[in-house]
1. Anything in the stretch 64-95 that is closer than 18 Å to SER32 by Cβ and charged (D, E, K, R)? List them, or say none.
2. Being of a type in the set (Gly, Ala, Ser) and buried (at least 20 other Cβ atoms within 10 Å of the Cβ) is the filter here; which residues of the stretch 61-91 pass it?
3. Tell me yes or no: at least one residue of the stretch 50-60 is surrounded by 18 or more Cβ atoms within 10 Å (Cβ to Cβ), at pLDDT 90 or above and of a type in the set (Gly, Ala, Ser).
4. Among the numbered criteria (1) within 17 Å of PRO7 (Cα to Cα); (2) modelled with pLDDT of 95 or more, which one does ALA72 miss?
5. Looking at the stretch 56-87 only, could you name the residues that are in contact with a Gly (Cβ under 9 Å, 6 or more places away or on another chain), free of Cβ contacts under 8 Å to residues at least 24 places away in the same chain and assigned to a helix (DSSP H, G or I)?
6. For the stretch 34-41, state whether one or more residues are in contact (Cβ under 8 Å) with a residue 12 or more places away in the chain, within 14 Å of PRO9 (Cα to Cα), among the basic types (Lys, Arg) and assigned to a helix (DSSP H, G or I).
Amino acid sequence: MSEMPDPIPDTPCLCWDAGPPDDGPGCMCGTSERVLRHVMRGKASLTAEQKEWALREIAVTEGYQREDYADATDAELANGVLGSWVDYCRDKGLI
C-alpha cells in the first residue's frame, strides 16, 4: 500500500476532534486516508492519477476487483479503498 499521488488537497482530520494541543494525539489517519474520508463526504475530489492509484489499492485485497469500481463516483471509489484496507487488515490479523 502506497500513499496517494500529489496534489494532496488540504484535508483536516474528520475522525478526531483533538481540541487544544494538550487534549490528545490529534488525527491518527495518514494523509491518504484523510483525503479519502473527505472525498467520501463530498469535500474533495480525486484527480485522474489519484483514481488510478485508488483502483490499484483496491486490487491488492482478495475479493476486491478494480473492474467493480471502474465506473464508480469519487465517493464510491474512496469508500471502496477504505473498505478494502479494513478487509486487508482483518485478513492479515491486524484488527
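1. Matches in the stretch 64-95: ARG66, ASP74, GLU76, ASP87.
2. Those that are of a type in the set (Gly, Ala, Ser) and buried (at least 20 other Cβ atoms within 10 Å of the Cβ): ALA78, GLY80, SER84.
3. Yes: one or more hits.
4. Among (1) within 17 Å of PRO7 (Cα to Cα); (2) modelled with pLDDT of 95 or more, ALA72 violates only (1).
5. Hits for the stretch 56-87 are ASP68, TYR69.
6. Yes, the stretch 34-41 contains a residue that is in contact (Cβ under 8 Å) with a residue 12 or more places away in the chain, within 14 Å of PRO9 (Cα to Cα), among the basic types (Lys, Arg) and assigned to a helix (DSSP H, G or I).
The values are calculated or read from the model by the stated rules, or taken from the named source; none is laboratory data. Since this is a predicted model, take the numbers as computed values, not measurements. Reconstructed Cβ throughout: ideal geometry from the backbone, glycine too, with neighbour counts over all protein chains shown.
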